[in-house]
Amino acid sequence: MSKVRCNCCQIEISGFRVQCTDCTDFDLCLQCYSLGAEIGGHKRVHEYKLVSDYVVGAFELDTPWTLAEETMLLDAVEQYGFGNWEDVANHVEKRTAEECEDHYVTFFVSGSVGKVTIRPDAADAIKDHTCPNGGPLSPSITQPISPVELSLPEQQELGYMPLRDDFEREHDNDAEILISSLANNYDDEDIDIAVKLSQVEKYRTRLKERERRKRLARGYNLLQSATTIGKQKSQTPKKRIHKEEREFQDKMKVFAQFHTLSEHETFLENIQKEKDLKERIQELLKYRKHGITKLDDIDVFEDEKYKRDKKKENKKKMGNITPLSKRSSMASKKAAVATEEKLDILIDEDELKDENNENIPKEACNMPGFDMLSDRERRLCSSIGMTYANYQTIKTCIIKDYLQRRQGVPIKIRYPSGLDKTHRRQIISFLTDNGWIGVT
């Protein structure tokens, strides 16, 4: 390489120098150029360019690439795509296709730049679109679409074309009319272009709605059920659904447009599970209210409850027997008297014993609520050690709760604090036996 000297100071120039474009073979070092040197015909106002005998590259190579070539290589790969090295080489101009491929793969894919910018799992997402010799230009596009499982008669009835996944008549079949007459004219103004773009956007919206309806029809098997054969298949007996469950499913149909068939079925199953769990929780709370805290005691409680309810039901039936006529025999009258004595649920044997053995203290006569209770209620309060006023409060709560439950109003009764569960059961049993409330 020949040495270049400054035309002004005659020193040897290494690195960058300033070369005048108006003068022939005239070079200046950076110091002389900065002082505005003028020699002979050269003037400081002449045009110039910055020249260097050393190539500054981004990577250390025996034959380095200039920064301009690196920039053109990256632009060409972005424009023409990775693998189109002939087009990339034509864009870079001074490099062959092999040099471009080797340089890009070495430094921008396998090198330090690629390690930072390319994720390790990105290679799995890359799809090879290279076409075989003599094959189609894009094999992935020409792959057949998985058709809907319809027989040939069903396809003909619906006008369905499985290879195109289309119908002879689509939803909103006239949507293409919006853009059929559109064309770009050289004299179009901005308002005309905006109107045409809005029409294109309307067309795209209608296409999206068409695709959405196709997806719903597939997900809910509406295509099969719309055919004559599908209707015959759907006439098979289905599981009988209760009225409440059917009404609930009708209310939830509004969410079906956001779910697939399996998602909507799962949605309904989860809601039913939630409902069952709530009912089970209410059932367990009822058992706890009756003082049951173990699962083993539930069967015993249910058996006793069944026997108690059956006994009360039999008593109620026997109590509705019509009175005997006057022409009945004396034996029939005696039997009727015995039946009435048997059905006398207002006073049991225990109460008769208590009536004979217990004497109400005189102090109790002056207590609040004494005059509002019957003799049997007073004896009940004395047996359980409860004041008359407290008994009246509990009695009112129980009767009110019973009447509201008969009307279908759900309510959680609140008893006075500190009330013993055994006393509460005795009061409820007493009110039931004496006809204040029915069997719960």
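The values are calculated or read from the model by the stated rules, or taken from the named source; none is laboratory data. In this text, all values refer to a predicted model and were calculated from it rather than measured experimentally. Cβ: placed from backbone, ideal geometry, glycine included. Neighbour counts: every protein chain shown.
Quick notes on this one:
- Residue that is modelled with pLDDT under 80 and within 20 Å of Arg218 (Cα to Cα), where the choices are Glu157, Glu149: Glu149
- Leu261 meets the conditions (1) within 25 Å of the chain's Cα centre (by Cα); (2) closer than 30 Å to Asp420 by Cβ; (3) at pLDDT below 85; (4) of a type outside the set (Val, Ile, Thr) in every case but one. The failed one is (2).
- Count of the stretch 264-304 residues, restricted to those that are within 14 Å of the chain's Cα centre (by Cα) and among the polar types (S, T, N, Q), is 2.
- Selection count where residues are under 17 Å from Leu61 (Cβ atoms) and either in contact (Cβ under 8 Å) with a residue 12 or more places away in the chain or part of a helix (DSSP H, G or I) (or both), scope the stretch 85-107: 13
- Of residues in the stretch 19-56 being among the charged types (D, E, K, R) and surrounded by 10 or more Cβ atoms within 10 Å (Cβ to Cβ), the one farthest from the chain's Cα centre (by Cα): Glu38
- All positions within the stretch 87-118 that are under 50 Å from the mean Cα position of the chain (by Cα) and not hydrophobic (A, V, I, L, M, F, W, C): Asp87, Glu101, Asp102, His103, Tyr104, Thr106, Ser110, Gly111, Ser112, Gly114, Lys115, Thr117
- Scanning the stretch 7-41 for residues that are assigned to a loop (DSSP other than H, G, I, E, B) and among the aliphatic types (A, V, I, L, M) yields Ile11, Ala37, Ile39.
- Qualifying position, being assigned to a loop (DSSP other than H, G, I, E, B), out of contact with any Phe, Trp or Tyr (no Cβ under 6 Å at 6 or more places or on another chain) and surrounded by 13 or more Cβ atoms within 10 Å (Cβ to Cβ), among Phe82, Phe59: Phe82
- The residues of the stretch 272-302 that are in a helix (DSSP H, G or I) and among the basic types (Lys, Arg), listed by number, are Lys273, Lys275, Lys278, Arg280, Lys286, Arg288, Lys289.
- Asp276 vs. criteria modelled with pLDDT of 85 or more, among the acidic types (Asp, Glu) and farther than 21 Å from Thr432 by Cα: yes
- In the stretch 65-123, the residues that are basic (Lys, Arg) and more than 30 Å from Asp53 (Cβ to Cβ): Lys115, Arg119
- Boolean, Val77 is in contact (Cβ under 8 Å) with a residue 24 or more places away in the chain, of a type in the set (Val, Ile, Thr), closer than 30 Å to Ile118 by Cα and out of contact with any His (no Cβ under 6 Å at 6 or more places or on another chain): yes
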